[in-house]
Amino acid sequence: MLINHMRRFLQRLLSAPVARLANKWSSNPDKSRVFEALSRLCQQITAHQTKRGLVIPFNAQQEKFIIFSDQHKGARNEADDFMLAERNYLTALDYYQTQGFSLICLGDSEELWKNRLDAVRRHNQATFTAEQQFLQRGAFFKIFGNHDLYWDNDPLAPLVLKQIYGQPVPIYEGLILKSKAEGPDIYLTHGHQGDLQSDGNWFSKWFVSNIWERLQAYLHVNPNTPANNDDLKTLHNTLMYNWSAAQSNLLLITGHTHQPVFASVTHIERLYVLLDRAKTDGNQATIADLQKQIDTRHLKGETILDFKGYKDTYFNSGCCCFNDGDITGIEIADGSIRLIKWEYDAAGQPGRHVLEESKLADLKL
C-alpha cells in the first residue's frame with residue numbers, strides 16, 4: 001500500500017517534467033544525422049571495418065530470407081504487445097524453417113524498455129526455441145534495435161544469449177546481402193540510426209535503456225517514438241527513403257516504425273491507387289472491399305507517405321505486434337521480394353498472405 005502511494009506521489013511530481021524532457025530529447029530524426037549514421041555503417045560493413053556488421057554473399061535465385069522486426073516480446077502482462085501475435089509468429093517460423101529460409105530478426109525482438117530480461121526469457125521459451133532451430137543450421141541473424149540495446153551494451157549479453165539459444169549468437173547493427181550476380185545489394189538495419197535518443201554514444205544508450213526508459217515506463221509517460229507517433233513515423237520513413245534513393249544499386253530494409261513499406265510505398269498508398277482504378281472502372285464490389293481495407297489500415301495507424309517520382313529503393317518490414325495479432329515481414333526468395341502478412345482466419349488459424357511482390361530485377365533503382 002505504501003509503495004503504491006509513493007508511486008502515485010512520484011507520478012504527480014515527476015510526470016510533467018519527464019514528459020517535457022521526453023518530447024525534447026526522444027526520437028527526433030534529423031536528416032544530417034540519419035544520413036551520416038546510415039552511410040557510415042554501410043561503408044564500414046562493406047569495407048569489413050567493423051564487427052558490428054556482416055556481408056553475406058547471396059544468389060537471389062537460390063538463397064531465401066525472411067525478415068521480421070519489432071516483435072517486442074514481453075512478459076505476459078498488460079504491456080505485452082507480442083502476446084496476441086505469438087501463434088502467428090510461431091506458425092510463420094515453422095513454415096520458414098520447413099522451407100529452408102534464413103531468419104533475420106531486424107531489431108526490437110525483445111521489449112527490454114518495459115520488462116526485465118529474466119521475465120521476457122521465462123515467458124517466451126517457445127519463440128526462442130523456434131528461433132534456435134534456424135541458428136542450429138547457421139541461418140539466424142540477430143540485429144539490435146533501440147528497445148533491445150541491451151544486446152549491444154551489456155558485457156554479459158553474449159553469455160545470456162548463449163544461455164538462451166544454446167550456442168553463441170553474434171549481434172550486429174546491420175547486414176549487407178551482397179549480390180553474386182547482377183542485381184541490387186540489400187542493406188538491412190533496424191532504422192533507429194540518427195535518432196538522438198537511441199543512437200548516441202555508449203553511455204547515452206546505456207542511460208536510455210537502463211535508466212531513462214525505465215523511469216518513463218514507471219511513470220506511464222508515453223515516449224514520442226516513431227512506433228506510436230504517426231507524424232514521426234512518416235518523417236522517419238521519408239528520411240530512410242531519401243537516403244536510399246541517393247544510393248547506387250542498393251535497397252534499404254528497416255523496421256522501427258511498425259509501418260510496412262514496399263518499394264518505397266506504404267501498403268495503404270497502394271490500396272488508394274487500386275481504389276482509384278476501381279472507381280474508374282465502376283467496380284462497386286472492389287470499391288467496397290478496398291475502402292474497408294483502407295479503413296482498417298488507418299485504424300492500425302498507417303499514414304500516407306506520398307512519395308512523388310519515387311524509386312523502388314526502400315522497404316520496411318512492419319512489425320510482429322499489431323494489436324489484432326497480425327504480423328508483417330519481408331521475404332526474399334526465388335529472385336523476388338515480397339511484403340507478407342500472417343493473420344488469423346475466422347476460425348482463429350494463422351495463415352500467410354502476400355500483400356506485395358516484385359522481381360528484384362524489375363525494381364526501379
field: Highest to lowest packing among 327-334, 170-177, 274-281, 64-71, scored as the average C-beta count within 10 Å
entry: 64-71, 327-334, 170-177, 274-281
- prompt: With respect to the cross-link table entries LYS180/LYS364; LYS142/LYS292; LYS114/LYS142, which display a Cα-Cα separation exceeding 29 Å?
  reply: LYS142/LYS292
field: Test item: Cα-centred dipole of segment 111-154, Lys/Arg +1 and Asp/Glu -1 on Cβ, debye
entry: 160
Neighbour-count order for MET83, MET240, fewest beta carbons within 10 angstrom listed first: MET83, MET240
query: When the dipole is taken about the Cα centre of segment 58-198, and only Lys, Arg (+1) and Asp, Glu (-1) are charged at their Cβ, what size is it in debye, to the nearest 20?
result: 500
task: Rounded to the nearest Å, what's the spacing between the alpha carbon centres of segment 251-290 and segment 322-362? Just the number, please.
output: 14
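Readers should treat all values here as calculations from the given coordinates under stated rules, not as data from a laboratory. This is a predicted model, so every value here is computed, not measured. Note that we place each Cβ from the backbone using ideal geometry, even for glycine, and neighbour counts take in every protein chain shown.
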